[in-house]
Structure formats: structure tokens, C-alpha cells
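Structure first, then comments.
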Amino acid sequence: MAGGALAIIHAAPATPVAAHEIPPDSVGGFIYTGGPLQLADLADHGVRYAGLAGVEWQGWLRARETGRYELEVDGSTVSPNNYTSSTCVFDGWLEDRAIGVQEANPRSNIAQPAAFSLILGAELQPGFYKLRLWATCTPSLAVHNQRISVALLEKAPSDLNLRPVTGEDLAHKQR
């Protein structure tokens with residue numbers, strides 16, 4: 001296994017109800033080893049898609065100790081016309097079992113990003129766990145050039161705070 005998880009990029013669903021389902025078709029992908037993702041412009045990761053996207057992470061979570069692990073999507077949304085109104089969803093599975101779903105509705109009518117944080121967690125023993133996560137935000141109606149940034153964070157049992165995931169925390173099979 002190699003470091004990082006597969007980041008499969010899908011077109012962002014248009015409605016809050018549709019945001020809870022991962023679309024069947026993808027528009028690109030890459031190996032994610034941490035850091036923020038600009039979901040309206042993933043060209044720096046080789047994804048050529050002009051619209052707002054969602055990210056599906058697939059791979060293995062490496063648990064090094066016994067206890068509760070937390071995964072968080074830390075994000076913000078902003079638009080050039082100073083108005084944003086989205087529904088953002090974070091859904092997760094470990095070993096093909098749901099670990100939860102969180103939803104946020106970041107709103108802003110000023111030129112400041114509307115921040116959101118969505119957290120999922122599970123009790124784990126040391127080892128590798130099959131991981132699948134879905135994070136997306138719906139486009140704001142009548143808003144063009146909306147920018148959404150997300151980063152995946154983790155808190156292991158001995159961590160005092162959430163921290164950005166790295167390629168050491170996630171793994172994928174090389175073909």
C-alpha cells in the first residue's frame with residue numbers, strides 16, 4: 001500500500017437531497033495526501049472540470065492506537081457577489097458500515113467566507129480500516145463563481161486537537 005487516499009471528483013449535486021448520494025459518474029481524480037481542495041477549481045490536481053465539484057475519498061485509514069478517531073471536513077464558501085447559501089454534506093463509511101452523516105448550511109451576505117465544520121467519528125483498534133468519505137456542497141442559486149474550499153482533518157485518541165491528514169494517515173492500493 002502507498003500513502004494517501006484516492007480522491008475521486010464528481011460534479012456537485014444541484015439539490016440538498018441529491019447531495020446525500022454520491023453521483024455515479026466522476027470527472028477526475030488524484031491521490032490525496034492532505035491539504036485544502038478548491039472544489040470550484042481542481043486544475044492544480046489535474047482535474048479539468050469547470051463546475052463546482054464534490055470529493056469522494058477511498059482508501060484505508062491507518063489507526064495506530066486504540067480509541068476514538070475523528071474525521072472532519074473543515075471548509076468555507078464564498079462568492080464574488082458577497083452572497084452564499086449552500087447545503088454541505090459529509091458522509092462516511094468504515095469497513096462498509098456508515099459512521100454518520102453531517103450537514104451544514106453556511107450562509108453569508110458579506111464579503112467574508114462562510115465557514116463550516118462537519119465531524120464524524122468511530123472507536124478503533126490499531127490496524128487499517130477501509131475508508132470511504134463523501135464531501136460536497138450544493139451550488140448557491142443565482143450565484144456564479146462560488147468558491148468552496150475543504151480540507152480533511154483527523155484527531156487520533158492521543159491528539160489534543162484536530163490536525164490535517166497526511167499521506168501517513170491514509171493509504172491506497174497501487175495498481
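The values are calculated or read from the model by the stated rules, or taken from the named source; none is laboratory data. All values derive from a computational prediction rather than experimental measurement. Ligands, DNA and RNA are stripped out before the accessible areas are found, and what is left, the full protein with its side chains, is counted by its heavy atoms. Shrake-Rupley method; radii C 1.70, N 1.55, O 1.52, S 1.80 Å.
On average, how much accessible surface per residue is there in region 1-107, in Å², for a 1.4 Å probe, leaving out ligands, DNA and RNA? Walk me through the numbers on the way to the answer.
Numbers: 5030 Å² over 107 residues.
Heavy-atom SASA per residue in region 1-107 reads 47 Å².
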Spatial extent of the chain: Rg and Dmax, with the Cα atoms as the point set, Å: 15.7, 48
Expected vector for region 148-156, Karplus 3J(HN,Hα) from phi with 6.51, -1.76, 1.60 and θ = phi - 60°, integer Hz, x for Gly and Pro, equals 10, 10, 9, 9, 8, 10, 9, 9, 7
Under 5 Å from the placed amide H of TYR49, counting only residues 5+ away or on other chains, we find LEU42
When the Karplus curve 6.51 cos²θ - 1.76 cosθ + 1.60 is applied with θ = phi - 60°, which whole-Hz ³J(HN,Hα) does each residue of region 54-67 get, with x for Gly and Pro? x, 10, 10, 9, 10, x, 10, 8, 8, 9, 9, 8, 7, x
Given Cα pairs under 8 Å that are at least 6 residues apart, what percent is the relative contact order of the chain? 34
Non-local residues with an amide H under 5 Å from the amide H of VAL27, with H modelled 1.01 Å from N and Pro and chain starts lacking one, are ILE9, HIS10, ALA11
³J(HN,Hα), Karplus 6.51/-1.76/1.60, whole Hz, each residue of region 9-15, x for Gly, Pro: 9, 10, 4, 5, x, 7, 10
What shape does region 15-80 take by its C-alpha gyration tensor, where a ≥ b ≥ c are the square roots of the eigenvalues and a/c under 1.5 counts as rounded, a/b above b/c as prolate, and the rest as oblate? prolate
